[in-house]
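Structure record follows, encoded as structure tokens.
The values are calculated or read from the model by the stated rules, or taken from the named source; none is laboratory data. Computed from a predicted model, the values in this text were never measured in an experiment. Glycine gets a Cβ as well: all are built from the backbone with ideal geometry, and neighbour counts include every protein chain shown.
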Amino acid sequence: MSSINNPAITVGEMKLHGVEKIWATCSQCRRPWLVPVEFLPATTNLATIAKLMICPNCGGRSVMASPASVGRD
């Protein structure tokens, strides 16, 4: 199984750790936001999710993503 902080971790693996949301942070404006991912296919990995995201604040497409800690949201 992938490490919980590995960009290759999948939605299915995050769910096994009790994680259903990720923190996304824009590389341009640094705005963080919480994103639900439980509806995505279990095989979707964190790196793919980050590549598809657009910052809701500035429209930036360079987004960093990491699993939200259980109980942090």
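What to note about this one:
- Output for the range 51-62, where each listed residue is under 18 Å from T10 (Cβ atoms) and of a type in the set (A, V, I, L, M): L52, M53
- Subset of the range 14-56 (residues that are out of contact with any Gly (no Cβ under 7 Å at 6 or more places or on another chain), small (G, A, S) and assigned to a loop (DSSP other than H, G, I, E, B)): G18
- Screening the range 35-44 for residues that are under 9 Å from the mean Cα position of the chain (by Cα) and surrounded by 12 or more Cβ atoms within 10 Å (Cβ to Cβ) and picking the one that is farthest from E13 (Cα to Cα) gives V35.
- Residues in the range 10-25 that are in contact with a Ser or Thr (Cβ under 7 Å, 6 or more places away or on another chain) and within 14 Å of M64 (Cβ to Cβ): 2 in all.
- Unique residue being small (G, A, S), under 16 Å from V63 (Cα atoms) and surrounded by fewer than 14 Cβ atoms within 10 Å (Cβ to Cβ) when the list is A24, A8: A8
- Boolean, V70 is modelled with pLDDT under 95, in contact with a Gly (Cβ under 7 Å, 6 or more places away or on another chain) and surrounded by 12 or more Cβ atoms within 10 Å (Cβ to Cβ): yes
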